Structure formats: structure tokens, C-alpha cells
Amino acid sequence: MSIDPPPSAQSAPSPVPPSTQLSAQPGGQPPGLNPAERLLNLVIALVNTNAAMTKQQVRTAVAGYADAPSDEAFERMFERDKDMLRALGIPVVTVGTGGHTDELGYRIDQDAYALPPVDLTPAELGVLSLAAQFWQDKTLRTDINRAMVKLRAAGAGDPSVDALAGLAPSVRAVGDAYGPLMEAIEARRVVTFSYRAAYNGAVLTRHVEPWRIAARDGGWYLMCFDRDRLAPRVFRMSRIESRVRITGPAVAYEIPDFETDVMLGKAQHGEVRAAVVAVRPERAGALRARAKPVPEGEREAYSERLPRPVGADAGASAGERAGDHAGWDILEVPYRSLSGMASEAAGYGAALVVLEPEPVRNETLRRLTAAAALGTGSVAGTGTQGVSRG
């Protein structure tokens with residue numbers, strides 16, 4: 001015995017957009033649709049339905065469910081997907097379809113699913129803009145740009161007015177190795193790649209068990225166990241020359257507990273040098289944590305390089321210039337990478353002035369000048385490294 005749908009259901013428009021409907025003809029269903037795509041299709045359908053969708057409508061109209069070989073298999077698939085969506089916080093509700101049938105329908109509660117209005121202050125949007133600029137890798141930039149466009153469209157303002165947006169700390173591009181390595185770490189599978197050694201430039205094949213990926217000093221590093229050398233190793237990902245190939249079975253090894261900074265510290269190369277910087281009181285806390293103050297008797301040597309107040313007499317005596325120190329703490333900061341030190345210094349803008357060495361000072365000035373050219377209107381060069389950011 002069959003029960004015809006109520007008149008309202010016969011005359012109602014299609015419960016889902018045409019883009020989510022499938023041909024009822026054999027072969028109309030894309031083969032092998034993965035569960036994530038099927039879940040997304042179900043969300044789109046339940047959000048766009050006029051009232052509710054019955055199980056039969058879901059099976060025939062939502063991509064992925066026509067693959068079920070039997071009614072029982074479809075029931076299990078649909079129930080599992082509903083539970084998954086609810087576990088993800090998507091409110092799938094069950095409602096009656098009305099009319100002359102007791103059949104149930106399903107929809108997503110729009111009020112519970114919708115996000116509240118986005119109301120960000122310009123300062124809050126500026127912080128998000130800083131975070132967005134941190135990621136410069138092309139694999140992430142598209143999604144980040146889309147998110148920022150949506151936030152601006154919500155009426156929160158334009159973060160370009162914040163000078164910090166041009167001075168955000170950043171890391172170099174991750175490269176093509178990032179995706180396969182993360183996949184291998186999650187599955188605990190062995191990877192193979194060609195690597196260019198830093199000490200002699202030789203390119204050798206490596207077989208490793210990847211443990212973790214971390215960013216330090218503007219670069220990305222892979223921490224792993226090298227099967228050829230039978231020891232833990234750290235590889236700079238920018239030196240990976242070939243495509244990363246995942247080999248072997250899953251869960252092939254255990255990832256030990258270890259301290260990332262300790263392991264990376266063993267892989268750091270280069271002489272430790274010292275930069276002298278002037279910092280405004282109570283600013284640059286992260287830098288201060290590894291710095292030490294310059295002795296009082298040596299501070300006078302740096303007076304000429306400190307930004308002077310507007311209208312200050314260039315011919316002031318040494319004693320008068322010494323008074324300029326009052327607004328600055330002069331510190332000695334250890335560093336290994338010129339680029340990393342200049343990037344960090346530029347990030348503090350007018351709160352920090354590099355006094356020496358000259359290469360770090362010049363590179364910091366170059367970065368600040370480039371930031372001023374972004375057209376924010378609140379960054380201007382002064383002829384020294386005194387740069388105002390408002």
C-alpha cells in the first residue's frame with residue numbers, strides 16, 4: 001500500500017537548490033563521494049529546504065546517498081550523518097511533515113545555527129588583520145583573505161588604517177611539503193624526500209618518521225626520527241628539494257614526548273651576536289626577556305642615534321643629550337639571524353630603535369620604510385629609525 005504525499009508537498013517547490021539535486025537515472029550519482037562531501041551536501045540541503053525533508057527526499061535529492069546499496073544501508077548512513085552533524089554543533093531537528101502521514105522530516109534550525117551579528121571595533125579588526133598577515137603561505141592566503149573580506153563586509157571597518165597591519169611578524173612560506181608531512185604525522189606514516197644539507201649543499205634522500213612541525217625565527221622545521229642515521233633529526237623545510245612521498249602502513253611508529261624548543265635548539269646554527277637597541281619603558285616584553293641592560297657608563301655613546309624631540313637643538317651639549325635617555329631603556333639583545341632580528345625590531349615600530357650593528361639597523365629601516373609605503377597614512381620616516389605609528 002502506498003500513501004500519496006499531501007497536496008502541499010505535491011505543489012511545493014523543490015526542497016533543495018537545483019545544484020544539489022541528482023538525476024534519478026542510473027549513473028546520475030557521482031561514484032565514490034567521500035563522507036565529508038556528503039555531510040556538506042546534507043547541510044546545504046537542510047538549510048535550504050522550505051519546511052523539512054523526509055528521508056526519501058534526502059536519499060533521492062542529496063548527493064552521496066544514492067550510493068547506498070539497500071534501504072538498511074541508507075538508514076545507517078543517514079543516522080550516522082545526523083549524529084555527526086549534531087556532534088559538530090549543527091542543530092538538525094526532527095519535525096512532522098503534516099498532512100495524512102506520520103512520516104518525519106528533518107531540517108536545520110536556522111535561529112540556532114546562525115551566528116550572532118559580528119560587531120568588531122577597528123582595534124579588534126586590526127588584531128585580526130595582524131594575525132592574518134602572519135600567514136604568508138599561498139596554501140593558506142586564499143582562505144584568510146576570504147575571511148577578512150567577510151569581516152569587512154560585516155561593517156566592522158577597514159583594518160588598513162591600523163599601522164600595525166603593515167608590521168605584522170611573519171613566517172616564510174611553508175611550501176608544498178607542509179600538507180603531506182602533516183598528513184603523515186597524523187597517520188604516523190614514514191615519508192621520503194630529497195634534502196639539501198646546509199653544511200655542504202649535498203642533496204641526499206631521507207627516510208624519516210615525522211613527529212612535529214614548528215615555526216621558529218621566520219622558518220619552518222620538521223622534527224623527526226631519521227631511519228638511515230637511527231637518530232632524531234631536525235630538517236629545515238625550505239631545504240626539502242623534492243616532493244614528499246608518504247610510504248608504508250599507518251601507525252608505523254610512536255611519537256615520543258619531547259620539548260620542541262630543546263630539540264630545535266640543538267639544530268640552530270650560526271654565531272650568536274649582539275644588537276644594541278633602545279626601547280620605550282614597559283614595551284617589547286618578549287624581547288626584554290632575553291636582553292640585558294647596557295651599563296650606565298656606556299649609554300652616552302648611543303645618544304646621537306636616539307630620536308630627538310621635534311624642535312630639539314642639534315647642537316646641544318653632551319649633558320643635554322644625556323637627558324634624552326630618560327625615555328628609553330638601552331638593551332643588548334642576542335640574535336643569530338640578521339633577518340629575524342630586523343623583522344622582530346620592525347614589529348615594535350616607534351617603541352624600539354636599533355642602535356647597532358649597522359646591518360641590522362639598515363635592514364630594520366628598510367622594512368619600516370616598506371611599511372610606510374603601504375599607504376596607511378600613519379607611518380612616516382624621520383631620517384632615523386624614529387618611526388611614528390600612532
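Structural remarks
- The lone criterion from (1) at pLDDT 85 or above; (2) more than 28 Å from the chain's Cα centre (by Cα); (3) more than 25 Å from Phe193 (Cα to Cα) left unmet by Gly347 is number (2).
- Residue in segment 280-303 that is in contact with a strand residue (DSSP E or B) (Cβ under 6 Å, 6 or more places away or on another chain) and of a type in the set (Lys, Arg) present: yes
- Neighbours by Cβ (under 6 Å, 6+ apart or cross-chain): first from segment 232-251, small (Gly, Ala, Ser); second in a loop (DSSP other than H, G, I, E, B): Gly248/Arg189; Ala250/Arg189
- Options Arg206, Arg227, Arg189, Arg212; residue that is under 22 Å from the mean Cα position of the chain (by Cα), of a type outside the set (A, V, I, L, M, F, W, C) and at negative phi: Arg212
- Segment 36-54, subset outside any loop (DSSP other than H, G, I, E, B) and without any contact (Cβ under 8 Å) to a residue 40 or more places away in the chain, residue least open to solvent (accessible area, probe 1.4 Å): Ala45
- Which listed residue, of Tyr221, Tyr199, is at pLDDT 75 or above and not hydrophobic (A, V, I, L, M, F, W, C): Tyr221
- Checking each residue in segment 215-224 for being open to solvent by 70 Å² or more (accessible area, probe 1.4 Å) and either in contact with a strand residue (DSSP E or B) (Cβ under 8 Å, 6 or more places away or on another chain) or at positive phi (or both) picks out only Asp217.
- Condition met for Gly201 (under 27 Å from Gly347 (Cα atoms) and small (Gly, Ala, Ser)): no
Yes or no, residue by residue, for (1) of a type in the set (A, V, I, L, M, F, W, C); (2) open to solvent by 70 Å² or more (accessible area, probe 1.4 Å); (3) out of contact with any strand residue (DSSP E or B) (no Cβ under 8 Å at 6 or more places or on another chain); (4) within 30 Å of Glu356 (Cα to Cα):
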| position | (1), (2), (3), (4) |
| --- | --- |
| Ala197 | yes, no, no, no |
| Asn200 | no, yes, yes, no |
| Trp211 | yes, no, no, no |
| Leu264 | yes, no, no, yes |
| Ala275 | yes, no, no, yes |
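The values are calculated or read from the model by the stated rules, or taken from the named source; none is laboratory data. Quick caveat, the model's predicted, so the values are computed rather than measured. Here Cβ is always computed from backbone atoms with ideal geometry, including for glycine, and neighbour counts include all displayed protein chains. Please note that ligands, DNA and RNA were not included when accessible areas were found on the heavy atoms of the full protein model with its side chains. Shrake-Rupley method; radii C 1.70, N 1.55, O 1.52, S 1.80 Å.
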